[in-house]
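Step one of this worksheet: look at the structure below.
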Amino acid sequence: MHLQCPICRGALHLHEASRGVYCDKKHHFDPAPEGYLDLIPGKKDPKDSDSRMLMRAKRRFLEQGHQLPLVEAMASLLAPLGTSELIHLGCGEGYYCRVLAEHLPGWRFGGFDLAKNAIFAANKAQPDGHFVIADPARAPLLPGTAQVLLVNDLKIKTEQLVSWLAPGGYLLYLQPGPRHQWQLRTSLNPVSMEHPLSWPALAGLNPLQQVRCQFSMTMDQGLRSHILETSRLGWRASGEQRHAFTHQGPDALEQDLLLGLWQKPL
């Protein structure tokens, strides 16, 4: 991972003695005792981190394997590219990097996220990864250096993604499909209508493959409650709707993800 200084945008170099990084203008960033880098200058916004309870709930949900069909679909698209380095923009606590590492031997992994506690967890769980506290929408990546970027439903300008990628580099872009979490959607809004399937057009990148990954997730009361806490749809639910979905909601939830693999021209 080729980093740039968040202050002057110059290239960052490794300081062997401290394991920190510095630029030619002498801006220096020391690693945390746990080994990760913090490249957000100034005071942090506490809202950028999930509560410890919520982060543990997210990790427990992922570690139970509910998203493995998605991981396998991602790995099937990435494996033919050959050994490379994947950078996950908005990596959270690093679940996708960890599980993809099991499917893609020899690959290197890293990621950016605003949440300090998430980066701490990612670094602890995958010490050979390179996880950095930074805004993924303005990641401190040197332009033209990224081999593979993973973006999971995160609003980042296409021209920014293109600038980060090396010539011939790849972007794996994920977004919700028309029926994603459909049972939750209709529980909260019974008149919901299914939108037509629509794939994005990303200027400056060539589309290589498109895969629609659909699977169903069995739910009990505890999992329904977790989905409400972590889904954007659930955040808008009233107290009455939350109670009804948690206690009398559906036993299964559709997952519908669109995966697009793109390449930057040489």
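The values are calculated or read from the model by the stated rules, or taken from the named source; none is laboratory data. Note that the coordinates shown come from a computational prediction; the quantities given were computed from them, not determined experimentally. Counting neighbours? That spans all protein chains shown, and the Cβs are built from the backbone with ideal geometry, glycine included. Surface areas here come from the heavy atoms of the whole protein model, side chains and all, with no ligands, DNA or RNA. Shrake-Rupley method; radii C 1.70, N 1.55, O 1.52, S 1.80 Å.
Look through L154, L184 and report the one residue that is open to solvent by 40 Å² or more (accessible area, probe 1.4 Å), closer than 30 Å to P250 by Cα and among the hydrophobic types (A, V, I, L, M, F, W, C).
That would be L154, the only listed residue that is open to solvent by 40 Å² or more (accessible area, probe 1.4 Å), closer than 30 Å to P250 by Cα and among the hydrophobic types (A, V, I, L, M, F, W, C).
Restricting to region 135-166, what's the tally of residues that are under 19 Å from L257 (Cβ atoms) and either in contact with a helix residue (DSSP H, G or I) (Cβ under 8 Å, 6 or more places away or on another chain) or without any contact (Cβ under 8 Å) to a residue 24 or more places away in the chain (or both)?
9
Residue by residue through region 123-143, note down the ones that are small (G, A, S) and either closer than 18 Å to V21 by Cβ or in contact with a Pro (Cβ under 7 Å, 6 or more places away or on another chain) (or both).
The answer is G129, A134, A139.
Any idea which of G169, G92, G144, G106 is small (G, A, S), part of a loop (DSSP other than H, G, I, E, B) and closer than 25 Å to R212 by Cβ?
G92
Looking at region 229-239, which of the residues that are touching a residue at least 24 places away in the same chain (Cβ under 8 Å) and more than 20 Å from L70 (Cβ to Cβ) is surrounded by the most Cβ atoms within 10 Å (Cβ to Cβ)?
A237
Kindly indicate whether S163 is open to solvent by 30 Å² or more (accessible area, probe 1.4 Å), closer than 20 Å to L39 by Cβ and of a type in the set (S, T, Y).
So S163 fits the description; yes.
Scan R108, R98, R52 and give me the residue that is within 13 Å of the chain's Cα centre (by Cα), open to solvent by 10 Å² or more (accessible area, probe 1.4 Å) and on the phi < 0 side of the Ramachandran plot.
R98
For region 175-194, how many residues meet the condition of being charged (D, E, K, R) and in contact with a Ser or Thr (Cβ under 9 Å, 6 or more places away or on another chain)?
1
Test L70 against the stated conditions and say whether it is more than 20 Å from N123 (Cα to Cα), in contact with a strand residue (DSSP E or B) (Cβ under 6 Å, 6 or more places away or on another chain) and either buried (at least 19 other Cβ atoms within 10 Å of the Cβ) or not β-branched (V, I, T) (or both).
Judged against the criteria, L70 is a match.
Return yes when W262 is open to solvent by 30 Å² or more (accessible area, probe 1.4 Å) and under 21 Å from the mean Cα position of the chain (by Cα) and no when it is not.
Spelling it out, it is not the case that W262 is open to solvent by 30 Å² or more (accessible area, probe 1.4 Å) and under 21 Å from the mean Cα position of the chain (by Cα).
Listed here are the residues, each with its yes/no results for (1) among the aliphatic types (A, V, I, L, M); (2) closer than 26 Å to A73 by Cα; (3) in contact (Cβ under 8 Å) with a residue 24 or more places away in the chain; (4) exposed (fewer than 12 other Cβ atoms within 10 Å of the Cβ).
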position: C213; (1), (2), (3), (4): no, yes, yes, no
position: L223; (1), (2), (3), (4): yes, yes, yes, no
position: Q241; (1), (2), (3), (4): no, no, yes, no
position: A244; (1), (2), (3), (4): yes, no, yes, no
position: Q255; (1), (2), (3), (4): no, yes, yes, no
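Of the residues V132, V148, which single one is buried (at least 21 other Cβ atoms within 10 Å of the Cβ) and over 18 Å from P6 (Cβ atoms)?
V148
Go through region 96-123 and report how many residues are farther than 28 Å from R9 by Cα and touching a residue at least 60 places away in the same chain (Cβ under 8 Å).
0
Could you pull out the residue among Y96, Y22 that is closer than 30 Å to Q181 by Cα and not aliphatic (A, V, I, L, M)?
The conditions single out Y96.
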